1. Within segment B:245-255, can you find the residues that are over 21 Å from residue B:450 (Cα atoms) and surrounded by 24 or more Cβ atoms within 10 Å (Cβ to Cβ)?
2. Could you tell me whether residue B:829 is within 30 Å of residue A:7 (Cα to Cα), touching a residue at least 40 places away in the same chain (Cβ under 8 Å) and not in a loop (DSSP other than H, G, I, E, B)?
3. Looking at (1) assigned to a loop (DSSP other than H, G, I, E, B); (2) closer than 30 Å to residue B:276 by Cα, find the lone condition where residue B:648 falls short.
4. Among the residues of segment B:400-409, what is the count of those that are within 20 Å of residue B:295 (Cα to Cα) and touching a strand residue (DSSP E or B) at 6+ places or on another chain (Cβ under 8 Å)?
5. What about residue B:284, is it assigned to a strand (DSSP E or B), surrounded by fewer than 23 Cβ atoms within 10 Å (Cβ to Cβ) and at pLDDT 95 or above?
6. Under 19 Å from residue B:314 (Cβ atoms), modelled with pLDDT under 95, part of a loop (DSSP other than H, G, I, E, B) and in contact with a strand residue (DSSP E or B) (Cβ under 7 Å, 6 or more places away or on another chain): is that true of residue B:211 in this structure?
7. Mind listing whichever residues of segment A:1-35 are in contact (Cβ under 8 Å) with a residue 24 or more places away in the chain, touching a strand residue (DSSP E or B) at 6+ places or on another chain (Cβ under 9 Å) and facing chain B (nearest Cβ under 10 Å)?
């Protein structure tokens, strides 16, 4: 049997091998945060049994304000719609978190669905990061405040975007990742695109190595 | 060659930086800062085009986007661009341009031979001549050869383009004096401002009018100070070489920025875009787009050397080119005087003919001092010359009416500029539903000074008919104060004076067409629209032929079409039409202003939507596995799916045949990851499924799967798929690949709007699961090699069961479902493991020669079993009963289900609807065309022939070694019954592309009708 290897959606681009510490040579730096855990969560935000159970398991208060997210302890919870959230965590915590949520929500009207194979995140920073995003989407990224997450267009596809550190983090579906990455590369080429070394290959949080 | 350069200090060209370029094969010299047009004029090039219809010699008329004649083909090969206006092409070293008209040569144009016969080519010539349609095919080729201008490149476009979505509080269109003041006011108030100007530098008309004094400063230092301050404001972005070409609803302003067109091709960056489309959403928009001078209409007014007066001024002051030595100017207003004075001071002999009996006395004095010979109360009846103007015949005009009072002298000249007044550039204002208003005092269609403030559209300066600079600047301050007030801000002005040195503007003479003393159509041709060869007589003819609406007159004569969009011709055309119709100009109105204001390249509109990012291509986790195995991909929805896998020496047919036989007789493997998958959880999922599917779900136990048909409200099949029960409150639904998003939306809509009381939530998990379908008699043996924790025996793991287990070391859900009718297992894993599991299955199957197959083989296999593909065998008008799938409808469910009620509609319940059947051709080698029409008899006996249905799917079946087809046929189910066979109604004909084949209507299940294989 072939060796058991997981592949992230952008595996074919071999980004890890091209990654280097950010310097002044490129206008934009990007990379994929590969192989994190993604849990789709649905439920009623007005039901405190639901919100408290979720917060109890994740250790992160469930963001209830539209277009907001909360992150701590390596777990990030993104508000996607009034009754829908995405929980992002390290892969190694996925099983426990997923099982914990299902157990805690057993008697609560809700849904927990492991979507880890279906999503990935791309981080983007650098002096021209905002210019690049302006090429990709109608959204006014300059107006995107820290702590907010928006679902918007990306080329002819879509992403969820939020600010991360000095840059941006884009959450996208696996099957669209190839298109989105190519569109990002095309848009970033005029400014010079570097593949940024990640802080940690398994970290669910927000950063690339400074 | 004569040098037409006037080297003065105010010129915006750098005489220290000569550039060489070529036009039509000849080399010339120009200077940095020139346009192609100014450089050509500087070299004395007059004729550079032939006219569209009559092949008449034509030269440069304008100095900007209004230019109708000087369309040039710039550069060669992949870089070539057709029909650029020479007036808008910035000169660079080595520029290569060619003419776009004149065949075989510019000097001798075949079309010009038609000149003497032009009376036989009036407006509407084509409509009239080709009413006899039989003539058209014979002449079409010739006419198409003669028509048109430049040629499109045949090579791939080597340039990059992109889009930029911009957001601003204020967007200012036009970088002339008013636009600059508006941008500065808004910028100083701290607003986020984008200033857009079409030219290579800011300044607008001030660049053509360097001696203008504003607040004690000459134009150049005033501009320098203003621009420097704008550039010092970080909240102000200035986009030059950027043409705002459309204004849409919700203040969406589209502008095209030329980033590299002004650079020699060798100096252009390959990584940077050539052009960029800015999509600007601005809370407020200030239109300070100025005005364009329109010429007067007179006989032979299209000779090379006849230009607008303002363009003569621009060429002199901005580009240092006096387009002639002996200048004749014709005006009806004050605006031509400044240029006349400037030209006279530059050493030209200048005759200024003013149609007014009493001109502006201040201007008359200034002109006299400058040495201009001013003739009042006169007009030019016609020009003299063949390839270039050599003089003009004047007439004395009646003081009250636009009629000839007496003949006048002939004046020699080598260039003629005319001014019929200014036409405000109202286009953007009108794109968004606004209409311009006729201002009889200004003789112009103007945008209202109030703009559309409620929508955030402000207008200032010449666009509103405020043509004087002092008045326009004062107006701009008022407008920006109002604009700032809408942001709760007030202007910060440094008290700098906006006084100018202009004389007061005096009224113009109301004249558009200068009379020549003859009835329209009897004198020299007087052109209104140069690009389309439309004369004043053509407009009169259209009116005589009873065209009353200006929109119809436009389309009959071609007035205002083309790359200049009538910027010079429209108002003259409207006025002449009004005259012919005996109506006022406001009664006639304008034609509709539509985007684009000036031509936009396709590349820019496409932007990044090109090449590998033209469309999203959704890839599965196994994509690389398919690539290395020679997959030929096809788009399905936005997914890229293997269509078939080519081996060396194979063609498509051979590959599909090999793949089909492998799946039927050995083992095949298919990537089914693209099917939509929806995880649904909650106490009421069963009830929900009962309502959204036609069949019943109450009894489906955990570990079991069921096929369902999803119907729309009309009872028509809209999707199908297998749903598995994970637990009593947890199901996983699959949908068709293309229908996934639609089904998800559909389900959410019904749940959220109609049945919110049902306890359930759903989430798309399409991308999470990678699915490998292992198909064929050997599939159990293959799976057994990589899966030890599921009992795969037929008794323990039955058809339509699913099990959770481990495949190739990875947690998996395995479904015993089949879209081929063979024994099959669909292995679902977290897509991160998709590639690994696929490769493990390939390795496990190697001893059985496991064969990956694509969608082509999938189609054949399912058609052999009579399995439908929604959207191919159905078209939104097929019920389950039409598909002979009554078994998938449960009429007795307590709540009903979507679509049920519609079954009782008379048409839906009719007995002879089109129904799904199989077809077998008499000749087993004939594969029918999909879409072939089903008819009763081989020969048509009466027209129209009754259409009984059509072929929906048609393939060659390797398993049966013959062709098979599915079709929808009227009353098809009865035709294929015992009764139909006996009566011979099962014999029909399939017609496509002139060929008819005899077919027999049969059951759509061609292979294994008892289903023994899938249950094995």
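1. If we filter segment B:245-255 for residues that are over 21 Å from residue B:450 (Cα atoms), which is where we start, we get B:245, B:254-255.
Within segment B:245-255, just B:255 meets the criteria.
2. So residue B:829 fits the description; yes.
3. Condition not satisfied by residue B:648: (2).
4. Step one: filter segment B:400-409 for residues within 20 Å of residue B:295 (Cα to Cα), giving B:401-404.
Still in the list and also touching a strand residue (DSSP E or B) at 6+ places or on another chain (Cβ under 8 Å): B:402-404.
So the count comes out to 3.
5. no
6. Spelling it out, residue B:211 is indeed under 19 Å from residue B:314 (Cβ atoms), modelled with pLDDT under 95, part of a loop (DSSP other than H, G, I, E, B) and in contact with a strand residue (DSSP E or B) (Cβ under 7 Å, 6 or more places away or on another chain).
7. Across segment A:1-35, the qualifying residues are A:6, A:8, A:9, A:34, A:35.
This table checks each residue for (1) closer than 23 Å to residue B:625 by Cβ; (2) within 14 Å of another protein chain (Cβ to nearest Cβ); (3) modelled with pLDDT under 95.
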position: B:746; (1), (2), (3): no, no, no
position: B:761; (1), (2), (3): no, yes, no
position: B:791; (1), (2), (3): no, no, no
position: B:809; (1), (2), (3): yes, yes, no
position: B:816; (1), (2), (3): no, no, no
position: B:836; (1), (2), (3): yes, yes, no
position: B:843; (1), (2), (3): yes, yes, no
position: B:851; (1), (2), (3): yes, no, no
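The values are calculated or read from the model by the stated rules, or taken from the named source; none is laboratory data. All values derive from a computational prediction rather than experimental measurement. Every residue, glycine among them, receives a Cβ derived from its backbone with ideal geometry; neighbour counts consider all protein chains shown.
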